[in-house]
Amino acid sequence: MKKIKVVFHVMATGSYYETNGQLHHELETKARVKINFVSFSGMFLGGDTLKRFLLECKDAEIVIVDAWNHPLNKNYDSYDWTDPEGSIAEIVKEVIKINPLAKIFADLMEGKHKVAVHEVAEPIKHWTDKEIIEAIKCAQGRSSNYLNNLKGGMRK
């Protein structure tokens, strides 16, 4: 049985979201599969952190991101707080370029700076939604929806 790689980014901090914490355990339990879980909890994705995130996403089957589109300078080395459209959506587009088969999810947020990511990632309400569990099973070939779910999310 191959291990599924899940890369997780969320701006919130706390034990629930920590690496190998409750979320990791819940995903493994609900999907009944071993997961290689890489967490970027409580981190802005910029500079070296963004480079590490993209490197981890390169071979991930599942990517889960916080949909909060925090402003981000296009060169990824510094923040430009005057650019409200620099965002997680732009980072997800980079993930798609390097790993077009990854299944990408983003939490379902509201507000003009929080929805752009849903054009390129599957919206979810919770980190252990059935869509994510099904995608993990599909990545292992244990689901009847495997072929339908192989290509990532809502992307065209």
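Given the structure, is K74 surrounded by fewer than 19 Cβ atoms within 10 Å (Cβ to Cβ) and at pLDDT below 85? Walk me through it before giving the result.
Numbers: surrounded by fewer than 19 Cβ atoms within 10 Å (Cβ to Cβ): yes; at pLDDT below 85: yes.
For K74, the condition - surrounded by fewer than 19 Cβ atoms within 10 Å (Cβ to Cβ) and at pLDDT below 85 - is met.
Look at (1) out of contact with any helix residue (DSSP H, G or I) (no Cβ under 9 Å at 6 or more places or on another chain); (2) in a helix (DSSP H, G or I); (3) more than 17 Å from E94 (Cβ to Cβ); (4) not β-branched (V, I, T) and you find that E56 fails only one, number (3). Reported count of residues in the range 111-156, each being of a type in the set (D, E, K, R), at pLDDT below 85 and outside any loop (DSSP other than H, G, I, E, B), is 1. Please determine whether any residue of the range 82-93 is modelled with pLDDT of 95 or more and either assigned to a loop (DSSP other than H, G, I, E, B) or closer than 15 Å to A121 by Cβ (or both). Checked the range 82-93: no residue is modelled with pLDDT of 95 or more and either assigned to a loop (DSSP other than H, G, I, E, B) or closer than 15 Å to A121 by Cβ (or both).
The values are calculated or read from the model by the stated rules, or taken from the named source; none is laboratory data. Everything quoted here is computed from the prediction, not taken from an experiment. Don't worry about glycine lacking a Cβ; one is built from the backbone with ideal geometry, like all the others, and counts go over all protein chains shown.
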